[in-house]
Amino acid sequence: MRIARWAGFVMVLSLLLLTSLSAYAQQKGDFAGLVEIGDGRKMYLECRGSGSPTVILESGYRDSADNWSTPLEPGKNTVFPQVAKFTRVCAYDRPGTARDANHLSRSTQVPMPRIARDVVSDLHALLQTAHVPGPYVFAAHSLGGIFARLYASTYPNEVVGMVLVDALSENVRSGLTPEQWKLYVNFGFTKPTPGLEKYKEIETLDVNASLDQIEKAATVEPLRPIPLFVLTQGQPFDLSPWQPLPADFPGALNKAWHTAQDALAKLAPNARHTVATKSSHYIQVQEPQLVIDAIKQVVEAVRNPSVWMTAPTRN
């Protein structure tokens, strides 16, 4: 009987030790795998590097974590491994995201459509359950900018810096006519992404409800005076997959987008704003070094606030 009890105790102790080692690996070493966040759901998380603050890479609409580590061409630097050289960095798959038709989200699927606050709740549960150490610097692309800003408004004490990579702003909606905005929502957020038409569980967001949420959050809990770096596309959107479009639409979208980018750069004092002259919307893929450098500047500013006292001239 004593032997059986001892064997049981050893088994329980071993399980606890393995759990602790797994949590430790997620905090200190390279980690890539599924993390249970509750309600029978698992989310894919990948972390590398060491140091504080931890950089959280937030992908754009329907893009998986691979967006930060898949090079445009062989041998080209990518954001994820380069950031891991100077601090802890993590990326994750939201449900319904993908790299391409052969690489779909590794996270448990959920009913669609969703709203931005659902994404924020998921991410908070993931970071807490996986013991990802804060504080956090967000590097967020496109629609991910809405998620990052809403996270910062919901958990202001956890976010100490931000890099917005050609991020969507609520001001794009107000910068277009109602008809133009409806058209943009239809092809940009509602229709299937070209090449992923068969992906039934694809991420679908109620973009208007989500923008309403960030507008309210920006009033109730505006972004704190943290180091903020805004990167903006220098080349226009590639709208060819959605042609034909009204002749005046591309110009209207470009104007509204850039006006909204200027507004993002006013969310925090001394924000830095750079236009990526060689990139369209995916700056982290086309000019990854710009994103790497921006993240490094923000991380260094968190570690030594004096380096962010004055913002350099906009490029």
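The values are calculated or read from the model by the stated rules, or taken from the named source; none is laboratory data. Here the structure is a predicted model, which is why all the values come from computation and not from measurement. We place every Cβ from the backbone using ideal geometry, glycine too, and count neighbours over all the protein chains shown. Heads up: the accessible areas ignore ligands, DNA and RNA and are worked out on the full protein's heavy atoms, side chains in. Shrake-Rupley method; radii C 1.70, N 1.55, O 1.52, S 1.80 Å.
Using label points projected 7 Å from each Cα along Cα→Cβ, tell me how many nm separate residue 70 and residue 280, to one decimal.
Between residue 70 and residue 280, the label points sit 1.6 nm apart.
What number do you get for segment 206-259 when its Cα radius of gyration is normalised by 2.2 N^0.38 Å, N = residues?
Against the compact-globule rule of thumb, the ratio is 1.54.
Using only the Cα atoms of the chain, what semi-axes does the equivalent ellipsoid have when each is the square root of 5 times a gyration tensor eigenvalue? Give whole Å, largest first. Mind dumping the intermediate values first?
Numbers: eigenvalues 241, 111, 66 Å².
One finds semi-axes of 35, 24, 18 Å for the chain.
Just going by the charge dipole of the chain, with Lys and Arg at +1 and Asp and Glu at -1 on Cβ, which of 87, 289, 142 is farthest out on the positive end?
87
Below 22 Å, Cα to Cα, which lysines can residue 191 reach? Residues fewer than 8 away in the same chain don't count.
182, 200
If you take every residue apart from residue 139 with its C-beta less than 12 Å away from the C-beta of residue 139, what net charge results, scoring Lys and Arg +1 and Asp and Glu -1? Walk me through the numbers before you get to the answer.
Working: positive: 296; negative: 58, 166, 293.
Value of the local net charge: -2.
Please identify, among 284, 233, 213, the residue showing maximal mean-square fluctuation in a Gaussian network model of the chain using a 10 angstrom Cα cutoff.
Among 284, 233, 213, the largest mean-square fluctuation in the Gaussian network model of the chain belongs to 213.
Can you give the local net charge around residue 282? Use residues other than it whose beta-carbon is closer than 10 angstrom to its beta-carbon, Lys and Arg +1, Asp and Glu -1.
Numbers: positive: none; negative: 63, 166, 238, 287.
Charge balance in the 10 Å sphere: -4.
Let's see if you can work this out: charge +1 on each Lys and Arg Cβ, -1 on each Asp and Glu Cβ, no other charges. What is the dipole magnitude of segment 219-281 about its Cα centre, in debye to the nearest 20?
Values: 5 positive and 4 negative charges, 48 e Å.
That gives segment 219-281 a dipole magnitude of about 240 debye.
Net charge near residue 222: determine it from the other residues with C-beta under 12 Å of the C-beta of residue 222, scoring Lys and Arg +1 and Asp and Glu -1. Before the final figure, lay out each step's value.
Working: positive: 149, 216, 224, 266; negative: 215, 221.
Around residue 222, the charge tally is +2.
Output the Kirkwood hydrodynamic radius of segment 78-191, Cα pairs only, in Å rounded to one decimal. Numbers along the way, then the final one.
Working: mean 1/r = 0.0628 Å⁻¹.
For segment 78-191, inverting the mean 1/r across all distinct Cα pairs yields 15.9 Å.
Using the heavy atoms of the protein chains alone and a 1.4 angstrom probe, what is the accessible area of the chain per residue in square angstrom?
Details: 14930 Å² over 315 residues.
Here the per-residue accessible area is 47 Å².
If the label point is 7 Å along Cα→Cβ of residue 243, which residues in segment 176-204 have backbone nitrogen under 17 Å from it?
Of the residues in segment 176-204, 194 have backbone N under 17 Å from the label point off residue 243.
Pairs of Cα atoms under 8 Å, at least six residues apart: use those to get the relative contact order of the chain, whole percent. Please list the in-between numbers first.
Details: 580 pairs, mean separation 58.7, N = 315.
Once divided by the residue count of the chain, the mean separation gives 19 percent.
Let's test the formula: R0 of 41 Å, r as the Cβ-Cβ distance of residue 293 and residue 121. What FRET efficiency results, to the nearest 0.05?
Working: r = 32 Å, r/R0 = 0.78.
Efficiency, from the Cβ-Cβ distance: 0.80.
Counting only complete DSSP H runs, which helices of the chain cover 24 Å or more along their long axis at the Cα atoms and score a mean Kyte-Doolittle of -0.5 or above? List each step's numbers first, then the result.
Values: long enough: 2-28 (38 Å, 0.81).
Span-like helices, by this rule, are 2-28.
What shape does segment 188-234 have by the C-alpha gyration tensor, where a ≥ b ≥ c are the square roots of the eigenvalues, rounded means a/c under 1.5, and otherwise prolate means a/b greater than b/c and oblate the rest?
Working: a/c = 3.43, a/b = 1.77, b/c = 1.94.
Oblate shape, in that a/c is at least 1.5 and b/c is the bigger or equal ratio.
Please give every one of the lysines within straight-line cross-link reach of residue 278, meaning a C-alpha to C-alpha distance under 26 Å, and leave out same-chain neighbours fewer than 8 residues apart.
By straight Cα distance, residue 278 reaches 76, 85, 255, 266, 296.
About the Cα centre, and with charges only on the beta carbon of Lys, Arg (+1) and Asp, Glu (-1), how big is the dipole of the chain? Nearest 20 debye, please.
On the way: 30 positive and 29 negative charges, 151 e Å.
The calculation lands at about 720 debye.
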